[in-house]
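Undergrad: Attaching a single structure in structure tokens format; questions to follow.
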Amino acid sequence: MPRTEATSDGLLSGSPGRDVAEKGLREAITRGTIAPGHRLVEAELSEQYGVTRNSARLALDALAAEGLVERIPNRGARVRTVSTAEAVEIMECRMVLDGLLSAKAAELADDDQVARLLGNRELMRRAVAERELLRYSELIQNHHALVREAARHPIASELVQRLAAQIVRHQFQLSLRPGRAEQSLAELERVVDAIVARDPAAADAAAREHLGGVIAAVREEALV
């Protein structure tokens, strides 16, 4: 197992350094702190996150594999731009996969997994009620992770995670729109209700409805 080490200048090296840079950069891209198309320079990232240039390079490689970053020959790396049309296509694929995972979760979730889904739902309700929309966006990701875990379907889970990473910025921005949090909460509550009721068909339908709502909101946002 790799050790956590710092170089003589205090920079983190190896896997720990990559993890620090990867996490920080992913959050910045997700929240829109770094805009699509922004050039990503390894030396600047190394200084910003206190890691070696090799760690910054590895972090960029990891995010490029997720579709958040793209490398341009002879020009370096930049934040990948995902158009509205592409985001809609990605979410149309996710409608099928999320429906499958939710249905499987309704079939296979154990009592502990159901309890954690219910607990996360309560946290989502509280976050929306208190207008903690950044927190709510994070809890939505927790919801999807819990469903994937309960579904016990590694292939669908991996595909969803790869697709989700590419549009996480779109979804984060949507969660900040007036009224959208309340709507998505109601949609996700129906997914949880169906899983708790052990009703695969209802879970599939509710998950597809939620992604359909996201697609409609993305299209509406593009017209504003």
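Undergrad: What is the gain in length, in nm to one decimal, between residue 131 and residue 108 on full extension, counting 0.36 nm per residue of separation less the C-alpha to C-alpha distance?
TA: Computed gain between residue 131 and residue 108 is 5.0 nm.
Undergrad: Can you tell me the order of 144-151, 128-135 when each peptide is scored by its average per-residue count of other Cβ atoms within 10 angstrom, highest first?
TA: Ranked by mean Cβ neighbours within 10 Å, highest first: 144-151, 128-135.
Undergrad: Report the dimensions of the chain along its three principal axes from the alpha-carbon atoms, largest first, rounded to Å.
TA: Here the spans come out as 57, 45, 35 Å, largest first.
Undergrad: Would you kindly state how much longer the chain becomes between residue 115 and residue 161 on full extension, computed as 0.36 nm times their sequence separation minus their alpha carbon distance, in nm to one decimal? Present the calculation step by step, with values, prior to reporting the outcome.
TA: On the way: separation 46, 0.36 × 46 = 16.56 nm, distance 2.29 nm.
Extra length available between residue 115 and residue 161 comes to 14.3 nm.
Undergrad: Now, a different point. Could you list which residues have their amide H under 5 Å from that of residue 80, counting only those 5 or more apart in sequence or on another chain, with H placed in the peptide plane?
TA: 37, 69, 70
Undergrad: Turning to a different aspect of this structure: Using 7 Å Cα-to-Cβ label points, what is the residue 53/residue 123 separation (nm, one decimal)?
TA: Output for this residue pair reads 4.0 nm.
Undergrad: For segment 98-224, restrict the atom set to alpha-carbon positions and state the Rg and Dmax in Å.
TA: Cα-based Rg and Dmax for segment 98-224 come out at 13.8, 44 Å.
Undergrad: Same structure, new question: What is the magnitude of the charge dipole of the chain about its Cα centre, with +1 placed on the Cβ of each Lys and Arg, -1 on the Cβ of each Asp and Glu, and no other charges, expressed in debye to the nearest 20?
TA: 520 debye
Coordinate-derived values only; no laboratory data. Computed from a predicted structure; not experimentally measured. Neighbour counts are summed over all protein chains in view; Cβ atoms, including those assigned to glycine, are modelled from backbone coordinates with ideal geometry.
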